[in-house]
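Asks: Structure incoming, see below.
The values are calculated or read from the model by the stated rules, or taken from the named source; none is laboratory data. This structure is a prediction, so every number in the text was calculated from the model and none was measured. Heads up, the Cβs are rebuilt from the backbone with ideal geometry, glycines too, and the neighbour counts pull from every protein chain shown. SASA here: full protein model, heavy atoms, side chains in, ligands and nucleic acids out. Shrake-Rupley method; radii C 1.70, N 1.55, O 1.52, S 1.80 Å.
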Amino acid sequence: MLVDSHCHLDFADFVTEREEVIARARRAGIGTMLTICTKITEFAEVRAIAETHDDLWCSVGIHPHEAATEPATDAATLCDLARHPKVIGIGECGLDFHYDHSPRDRQEDVFRAHAAAARDSGLPLIVHTRNADDEMASILSDECRKGPLRGVIHCFSSGPQLAEKAIELGFYLSFSGIVTFKKAEELRAVARVAPLDRVLVETDAPYLAPVPHRGKRNEPAFVVHTAALLAELRGLAPDELARVTTENFFRLFDKATIPGAAIPGAT
């Protein structure tokens, strides 16, 4: 099976057909989906979606775009919410200096609170970074010095320097549909050499639909196209790429259980 390690099933794009989107993903061989929280004020809705199926999981966090408008949230609050059995990661959180929807110092403060929560909870940190490679490398290095910290750079679209630093720090790289885009050769160069045991695949649905669906609304089923391209880049059979990335997902997000297994603490 494949795993869509990052999607947004709570977004309005899926409201009218969420169950069919999930069903299409399963028919395409997607055995697990991680739906991501971007606003602490909407966490309850994200969690409720994850509770509907045993192959859905969720995270808790504040996207950097929302850092200035969401309530101030400390590590203890994030850890408390993350105790729910369906919450397997902290984020998405990070730095976005492309749009700068929130002041950069506020983005950093919120990101560091999430890093502290990831350390305290033992859950992986789900990192968003755009046009902030140097700053991200510096903050991740600093936060890792404070204690054990693991996680993933989601929708990786940065250069080789950040990729190398993330790998050095023990993080994973998750590749989205961007890697299939015609002009993404620099990103494909990173994907060709990233350690296979640190690679994940995702959609970031409803955004960034891969070729041949580029320009359309993305959905978890389409992760098969990103995985196929990665398999080709690495000289692997698609089934082998699926096996490796699925094992990587459950190694990193080790609170998650394989579909059909019991969920500890669930009621």
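Asks: Quick one: ranking M33, M1 by accessible area, 1.4 Å probe, largest first, what do you get?
Replies: My answer, sorted largest first, is M1, M33.
Asks: For a quick check of your reading of the filter: which trypsin sites (Lys or Arg not before Pro) in the stretch 165-267 sit in a DSSP loop and have no more than 14 other Cβ atoms within 10 Å?
Replies: Hits after loop and neighbour filter: K182, K183, K216, R217.
Asks: Here's another thing I want to ask about it. How would C37, C144 line up by accessible area, probe 1.4 Å, largest first?
Replies: C144, C37
Asks: Could you order H101, H128 so the one with the most accessible surface comes first? Probe is 1.4 Å.
Replies: From most accessible down to least: H101, H128.
Asks: Once the convex hull of the alpha carbons of the stretch 6-74 is built, what does its volume come to per residue, in cubic angstrom?
Replies: Normalising the Cα hull of the stretch 6-74 by residue number yields 92 Å³.
Asks: A further question follows. What number, rounded to the nearest 500 deg cm²/dmol, is the helix-based mean residue ellipticity at 222 nm of the chain, given -39500 (n - 2.57) per DSSP H run of at least four residues and division by all its residues?
Replies: Helices in the chain give a 222 nm mean residue ellipticity of -11500 deg cm²/dmol.
Asks: So which residue, out of V244, V224, V193, gets the largest mean-square fluctuation from a GNM of the chain using Cα contacts under 10 Å as springs?
Replies: Evaluated over the chain, the most mobile residue of the options is V193.
Asks: Taking the Cα centre of the stretch 7-147 as the origin, how large is its charge dipole in debye, to the nearest 20, when only Lys and Arg (+1) and Asp and Glu (-1) carry charge on their Cβ atoms?
Replies: 420
Asks: Roughly what percent of Cα-Cα pairs across the stretch 47-115 reach past 21 Å?
Replies: More than 21 Å apart: 29 percent of the Cα pairs in the stretch 47-115.
Asks: Please check: in the Gaussian network model of the chain (C-alpha springs, under 10 Å), which one of V87, V190, V15 has the largest mean-square fluctuation.
Replies: Comparing V87, V190, V15 in the GNM, the peak value goes to V15.
Asks: Another question, if that's okay. How far, in nm, would the chain grow between D254 and A48 when pulled straight, counting 0.36 nm per residue and subtracting the alpha carbon separation?
Replies: Computed gain between D254 and A48 is 72.1 nm.
Asks: Would you mind working out the magnitude of the charge dipole of the stretch 127-238 relative to its Cα centre, with +1 at each Lys and Arg C-beta and -1 at each Asp and Glu C-beta, to the nearest 20 Debye?
Replies: About 320 debye.
Asks: Over all directions, the average projected area of the alpha-carbon convex hull for the chain comes to how many nm²?
Replies: For the chain, averaging the hull's shadow over all directions gives 12.7 nm².
Asks: For the chain, what is the accessible area per residue in Å², given a 1.4 Å probe and the full set of protein chains?
Replies: That works out to 41 Å² per residue.
Asks: Please say if the stretch 67-151 is rounded, prolate or oblate, where rounded means a/c under 1.5 for a ≥ b ≥ c the square roots of the C-alpha gyration tensor eigenvalues, and otherwise the choice is prolate for a/b larger than b/c and oblate otherwise?
Replies: oblate
Asks: Check which residues have an amide H placed less than 5 Å from G151's amide H, if you skip close sequence neighbours.
Replies: L125, Y172
Asks: Give the accessible area for D74 in Å² (nearest 10); use a 1.4 Å probe, count only protein heavy atoms, and leave out ligands, DNA and RNA.
Replies: Roll a 1.4 Å probe over it and D74 shows about 80 Å².
Asks: State the dimensionless ratio Rg/Rh of the stretch 126-186 (Rg: radius of gyration of Cα atoms; Rh: Kirkwood radius).
Replies: With Rh from the inverse mean 1/r over Cα pairs, Rg/Rh is 0.98.
Asks: Moving on. From the convex hull of the Cα coordinates of the stretch 175-267, what is the mean projected area in square nanometres?
Replies: The number I arrive at for the stretch 175-267 is 6.9 nm².
Asks: Check each of the chymotrypsin sites (Phe, Trp or Tyr not before Pro) in the stretch 134-199 and keep only those in coil by DSSP with at most 11 other C-beta atoms within 10 angstrom; list them in order.
Replies: Sparse-neighbourhood loop chymotrypsin sites (Phe, Trp or Tyr not before Pro): none present.
Asks: Expressed as a whole number of Å, what is the distance separating the alpha-carbon centroids of the stretch 61-133 and the stretch 153-195?
Replies: A separation of 21 Å, based on Cα centres.
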